[in-house]
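Engineer: This structure is in structure tokens; I'll ask about it shortly.
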Amino acid sequence: MYDLLVIGSGPAGMGAAIYGARAGMKLAVIDQSPVSGGQVLTTYEVDNYLGLPGMSGSELSDAFRAHADRFEVPFITTEVEAIEDKGTTKLVHTTDGDYEAKAVILATGATHAMLGVTGEMQLAGMGVSYCATCDGAFFRNRTTVVVGGGDVAVEDAIFLAGICKKVYLVHRRDSLRAADALQKKLMALDNVEIIWNSEVSSINGEDMVENVTIFNKVSGESSQLAVDGIFIAVGIIPNTKLLKNLVEMDEKGYVIADETCATSVQGIYAAGDIRKKPMRQIITAVADGANAVNAVQNYFIAL
């Protein structure tokens, strides 16, 4: 019997593990991957984490894991198949057996929807990014392209327009899905050009992105667009499939939980990118982990 089981070893899970260990809890972190870090591992350089500018994603992940190892946090490498609420205890079913705890922190993260085109995986972190606010500063005074037509894509294009020489927005339809206010702001920018009815069919370059191939769905023609970076904003998928019928979620699959990270089920908490919230960054995920542990402590006092 554990006091706390943390599901996921990204920034939220690692933050929870460290705070839980310092609080003297008997805990363990469960993750299907033996390498901790989550999405941070795919980030070439992290320039906005407080006090550690210019650190690579893998270096930051290693630092998080080393911190947890310092507190001798146990890590269990296995896949979680289901979580069962048994009142004052929670049963975590995995491919290697069952684990029981008084409380569970869900920190399974989210996955950026990918284009699935040639060069995307190969150049990830080398000019291919899924977060403009995270990586945009590396493309100051350079040329970038954003793919998508929703609020996030338009917000990314607006953000990049403030620091980039030129920004292209590629959208597969002839109109954007973003809010009218965002569209008006975008259209007023001189250094933004929208490429309608088009898709990125490949991302090209040797060690860094050099250009992208654009396919026009109306003309059927392909052309190459020279860019230094591509920001893909076609959606984020929360890793919450195993939580169906366990906790309350919104229509997009994000767990509904307030700043204490408490879900609709007592003793179960959601931290990081799976939680419904306005901003998903490394620093907010770590904060969620700390807040969730604080809530768990208060929960134990009330038991």
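Engineer: Does at least one position in the stretch 48-70 carry a residue that is surrounded by 15 or more Cβ atoms within 10 Å (Cβ to Cβ), of a type in the set (Ser, Thr, Tyr) and not in a loop (DSSP other than H, G, I, E, B)?
Structural biologist: yes
Engineer: Next up: Given the options Leu176, Leu169, name the one that is over 30 Å from Val80 (Cβ atoms), part of a strand (DSSP E or B), of a type in the set (A, V, I, L, M) and modelled with pLDDT of 95 or more.
Structural biologist: Leu169
Listed here are the residues, each with its yes/no results for (1) out of contact with any helix residue (DSSP H, G or I) (no Cβ under 6 Å at 6 or more places or on another chain); (2) farther than 23 Å from Phe231 by Cα.
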| site | (1), (2) |
| --- | --- |
| Leu52 | yes, yes |
| Phe71 | no, yes |
| Asp98 | yes, yes |
| Ala103 | no, yes |
| Gly127 | yes, no |
| Cys131 | yes, no |
| Cys134 | yes, no |
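Engineer: Can you report the number of residues in the stretch 96-133 which are assigned to a loop (DSSP other than H, G, I, E, B) and either acidic (Asp, Glu) or on the phi > 0 side of the Ramachandran plot (or both)?
Structural biologist: 7
Engineer: While we're on this one: Within the stretch 33-47, how many residues are buried (at least 16 other Cβ atoms within 10 Å of the Cβ) and part of a loop (DSSP other than H, G, I, E, B)?
Structural biologist: 5
Engineer: How many residues are outside any strand (DSSP E or B) and either within 23 Å of the chain's Cα centre (by Cα) or crowded, with 16+ Cβ neighbours inside 10 Å (or both) when one looks only at the stretch 196-211?
Structural biologist: 5
Engineer: Is it the case, given these coordinates, that Val218 is among the hydrophobic types (A, V, I, L, M, F, W, C) and outside the structural domain of Val265 (by TED's automatic domain parsing)?
Structural biologist: Yes.
Engineer: Can you name the number of the only condition in (1) under 30 Å from Ala107 (Cα atoms); (2) not basic (Lys, Arg); (3) not in a strand (DSSP E or B) that Phe231 fails?
Structural biologist: Failing condition for Phe231: (3).
Engineer: Same structure, new question: Specify which of the listed residues (Ile283, Ile274) is closer than 24 Å to Ser36 by Cα and surrounded by fewer than 15 Cβ atoms within 10 Å (Cβ to Cβ).
Structural biologist: The conditions single out Ile283.
The values are calculated or read from the model by the stated rules, or taken from the named source; none is laboratory data. A quick note: this is a predicted structure, and the numbers were derived from the prediction, not measured. For neighbour counting, all protein chains shown are included, and Cβ atoms are generated from backbone atoms with ideal geometry for every residue, glycine included.
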